[in-house]
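Participant: The structure follows.
The values are calculated or read from the model by the stated rules, or taken from the named source; none is laboratory data. Computed from a prediction, not measured in an experiment: that's the story for all the values here. Here the Cβ positions follow ideal geometry from the backbone for every residue, glycine too, while neighbour counts run over all protein chains shown. Only protein heavy atoms, including side chains, enter the accessible area calculation; ligands, DNA and RNA are left aside. Shrake-Rupley method; radii C 1.70, N 1.55, O 1.52, S 1.80 Å.
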Amino acid sequence: MQLFYNPDINATTESFSFDKEESRHIIKVLRKKDTDILYVTNGLGFIFKTEITLASDNKCTVKIIGFEKAESPKVHLHLAVAPTKMNERYEWFLEKATEIGIQEITPIICDHSERKIIKTERFDKIILSAMKQSNQYFLPKLNAPIAYKDFVSQTFLGQKLIAHCEETDKKSLKDLLISEQNVTMLIGPEGDFSEKEIQSALKNNFLPVSLGATRLRTETAAIVACHSVVFANE
């Protein structure tokens, strides 16, 4: 099934039109025509079955002929991940985490971050594309970049975890996870969190965790964390 996206539709919508770019893709590239069926999500868990009523490459119009609401994820997984020096690595993380099943992502600017200015427009497109490609109906939320100290001082429901590389007393993530509890986890930059940042997290009740015996890149650590949480709650 090929999935399309429209954030403005809901259970009361009867018909709508795609924008020019999406319309051209549907009609010119995919060669869809009148009466063809398209499946559309609004990113909020709904899947709409629609029928093309106007096969125009400028304004493809469809009518909704049915919809379903997907079951919400058992756990809200929020990863706060420091930007990588190379944007491509962070983009890879966003794509794969979306495919696996993440709910929220926040870029955090840390003491050792080599990249401190983040433009999220392209990130949004990568997440949307990955959601459609993996046939998911919930669009992960990408927050604006935030300073580390401002992030850890916020209130979060569920488990609060920090994955760092310091040789301290840490429990394995697989042993610490509690089934069906929301998870907020911190993943640091290439140079890891500073000692000050680790202590700040601990003071704000984040628990230190290990993601395994090997030293992982930022984006790899984030994927390991994402998959571990999702797998533990299947």
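Participant: Stick to the Cα atoms of the chain, pair each with every other, and give me the Kirkwood hydrodynamic radius in Å at one decimal.
Facilitator: On the way: mean 1/r = 0.0521 Å⁻¹.
One decimal place: 19.2 Å for the Kirkwood radius.
Participant: So which of K32/K119; K69/K170; K33/K125; K20/K69; K96/K171; K32/K96 end up more than 31 Å apart, counting from Cα to Cα? Write down the numbers at each step before the final one.
Facilitator: Numbers: K32/K119 34 Å; K69/K170 40 Å; K33/K125 26 Å; K20/K69 27 Å; K96/K171 25 Å; K32/K96 29 Å.
Cα-Cα > 31 Å for K32/K119; K69/K170; rest within.
Participant: Next question, about the same structure. What accessible area, in Å² to the nearest ten, does a 1.4 Å probe give for K33?
Facilitator: So the heavy atoms of K33 present about 120 Å² to solvent.
Participant: Return the percentage of antiparallel bridges among DSSP beta bridges fully within the stretch 1-136, rounded to the nearest 5 %.
Facilitator: Details: 16 of 23 bridges.
Among the beta bridges of the stretch 1-136, antiparallel pairing accounts for roughly 70 percent.
Participant: Relative to the Cα centre, what is the charge dipole magnitude of the stretch 80-220, using +1 at the beta carbon of each Lys and Arg, -1 at the beta carbon of each Asp and Glu, and rounding to the nearest 20 debye?
Facilitator: The calculation lands at about 200 debye.
Participant: Sort out for me the Cα centre separation of the stretch 201-232 from the stretch 39-80, rounded to whole Å.
Facilitator: Comparing the Cα centres of the stretch 201-232 and the stretch 39-80, I get a distance of 32 Å.
Participant: To continue, here is another question. Where Rh is the Kirkwood radius over the Cα pairs of the stretch 113-164, the temperature 37 °C and the viscosity 0.692 mPa s, what D in µm²/s does Stokes-Einstein return? Don't jump to the answer; show the numbers that get you there.
Facilitator: Details: Rh = 13.7 Å.
Approximately 239 µm²/s, per Stokes-Einstein.
Participant: Could you give the dipole magnitude of the stretch 1-68 about its Cα centre, charging the beta-carbon of Lys and Arg +1 and that of Asp and Glu -1, in debye to the nearest 20?
Facilitator: On the way: 9 positive and 10 negative charges, 53 e Å.
Here the size comes out at about 260 debye.
Participant: For the stretch 1-127, give the percent of accessible area contributed by carbon and sulfur heavy atoms, probe 1.4 Å, rounded to a whole number. If you can, show how the numbers build up before the last one.
Facilitator: Working: 3240 of 6900 Å².
Here it works out to 47 percent.
Participant: Here's a follow-up. In the chain, what percentage of the DSSP-assigned beta bridges are antiparallel, given to the nearest 5? Let's see the in-between values first.
Facilitator: Working: 17 of 43 bridges.
About 40 percent, rounded to the nearest 5.
Participant: Towards the positive end of the charge dipole of the chain, with charges on Cβ (+1 Lys, Arg; -1 Asp, Glu), say which of F231, P145, C60 has the farthest Cα.
Facilitator: C60
Participant: Which cross-chain or sequence-distant (5 or more) residues have an amide H under 5 Å from the amide H of I109, H modelled 1.01 Å from N in plane?
Facilitator: Result for I109 returns I146, A147, Y148.
Participant: Leaving out ligands, DNA and RNA but keeping every protein chain, what accessible area does D19 have, in Å² rounded to the nearest 10, with a 1.4 Å probe?
Facilitator: Taking all protein chains as shown, D19 has close to 90 Å².
Participant: Could you give the accessible area per residue of the stretch 64-150, probe 1.4 Å, as a whole number in Å²? Could the numbers behind the result be given before it?
Facilitator: Details: 4550 Å² over 87 residues.
The answer is 52 Å² per residue.
Participant: What net charge is computed for the residues neighbouring Q103, neighbours being all others with C-beta under 14 Å from the C-beta of Q103, Lys and Arg scored +1, Asp and Glu -1?
Facilitator: Numbers: positive: K74, K141; negative: E71, E99, E104, E180.
Net charge in that neighbourhood comes out at -2.
Participant: Still on this structure, please answer the following. Rg and Dmax of the stretch 15-106 over Cα atoms: what are they, in angstrom?
Facilitator: Over the stretch 15-106's Cα set, Rg and Dmax evaluate to 17.3, 48 Å.
Participant: Take the chain, connect every pair of alpha-carbon atoms lying under 10 Å apart with a spring to form a Gaussian network, then pick out the residue of T98, T61, T218 with the largest mean-square fluctuation.
Facilitator: In this elastic network of the chain, the residue with the biggest mean-square fluctuation among T98, T61, T218 is T61.
Participant: Right, here's the next one. With a sphere of radius 15 Å drawn around the Cβ of R24, what net charge do the other residues whose Cβ falls strictly inside it have (Lys, Arg +1; Asp, Glu -1)?
Facilitator: Numbers: positive: K20, K28, R31, K32, K33, K59; negative: D19, E21, E22, D57.
Local charge sum for R24: +2.
Participant: Another question, then. Add +1 for every Lys or Arg and -1 for every Asp or Glu among the other residues with Cβ under 13 Å from the Cβ of Q2, and state the total.
Facilitator: Details: positive: R31, K32, K49, K132; negative: E22, D36.
Every neighbour counted, the sum reads +2.
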